[in-house]
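The structure appears below as structure tokens.
Just so it is clear, none of the values below were taken in a lab; they were calculated from the coordinates. Treat the numbers as computed from the prediction; the structure is a model and nothing was measured. Note: ideal-geometry Cβ built from the backbone for every residue, glycine included; neighbour counts use all protein chains shown.
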Amino acid sequence: MLTHLVTPLLMCIGMGLAYLGAFAHPAPHHMPVAVVGSSRSAQLFAQSINDKAGGDLEVRTVAHRSTAVDQLKHQDIFGAYVPKGDGSGKGRGGAGDGNGQARVSGNAGVTGDGRSAGDGTAATPELLVATAASDTSASVVQKIFTPLAAQQGAPLKVTDVAPTVADDPTGQGIFFLLVAISIGSYASVAVIGGAGAVLPIRLRAALAVGTSFVVSLIGTAFAGPVFHLVDHGLWGLWGMAWLYSAGILLIGTGLHTFLKRWTTLGVMALFVMLNFTSSGGIFRPEMQNGFFAALHSFWNGAGFVEGVRSHVYFDGYGLSGHLWTLALWLVVGVLMVGVAALAERRRRSAEAEAAANAAAVAAAAVAATVPEPAPKPVRGPVDDGVEEELEEAVGV
């Protein structure tokens, strides 16, 4: 019993190290943001923010507001500050004043797609964010630029150029969808590997693929008709959910051949401890330390979360890279099952050979304990004559 208690204790240590290591002290690390403006003052303003940030931010300047919006939608930056009186980023209806600056009228506002309307200079400083990319990153950027707007003596106007759906205002519903699909996948590994251990590896692999299909359908139902986390693109979400789930199930099925009772701990380390923390669902890599930020670039949970975001909110920009990430993890799962099949075949051959050797040794031992029959004595001519006389006497 004490030996089996080692597993949950290791889970406790691993979860604490992973979650607290990833989420305990979130802070920006070279987070890219922009200052809108092409003037010398805008460049000096951006440089001063860079100097004060000390590496927390990477501030660039963009000439136009529309350029900043495009970079936000491509997730090249996570905030763009338009200083008061600098309307260099012309939106719909903007008119230049000869110096490249837009004039925003007193009735200027923000259109539905996040672009400014009007034809006069900006009355108040504006911050452009994209909460669909990361609500926490947008909040951090807002905290950074709000005091700067106050120095200009005007309230900060925040414009969300990529908002999430109404039923998922923080955009973190995708992360919790990842959690549900992950648990359904790696928990099924324990059942297939344990209760199905007597089945051939090809049948276990088929069960893994079938289970991933069911898990992905459940996840898609949660995302769509049940909780309305997405309002379009459900078929694409289902495809990514299936790729993600199938990769986990095949990898776990292959690992069970080698890890046995430690499989649950192994898949939890891979697909919970390292996976959830590096997915970008709570904090993007720009808000994490280098270890988890590096995992975000190739781990399968990040591929799913960023893939769904790209598909649902950013018109598929960068989607192909995330799909390749999920596909490569599926390939790893197929290879793991193949390696497990070879290992089990060799194991069966070794067991059969050992059984044959044991049978041969047992047969030899039995033969050694049975005495050999005594040799028949050699009879001479006298013995033969006596035998003939006895036969005649008895009438044989």
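Packing, taken as the mean count of other beta carbons within 10 Å per residue, orders the peptides 150-158, 195-203 from highest to lowest as 150-158, 195-203.
The order of the peptides 294-305, 240-251 by mean Cβ neighbours within 10 Å, most packed first, is 240-251, 294-305. Each peptide in 8-17, 35-44 gets a packing score, the mean of other Cβ atoms within 10 Å over its residues, and the list from highest to lowest is 35-44, 8-17. The spacing between region 1-66 and region 190-205, judged by their C-alpha centroids, is 42 Å.
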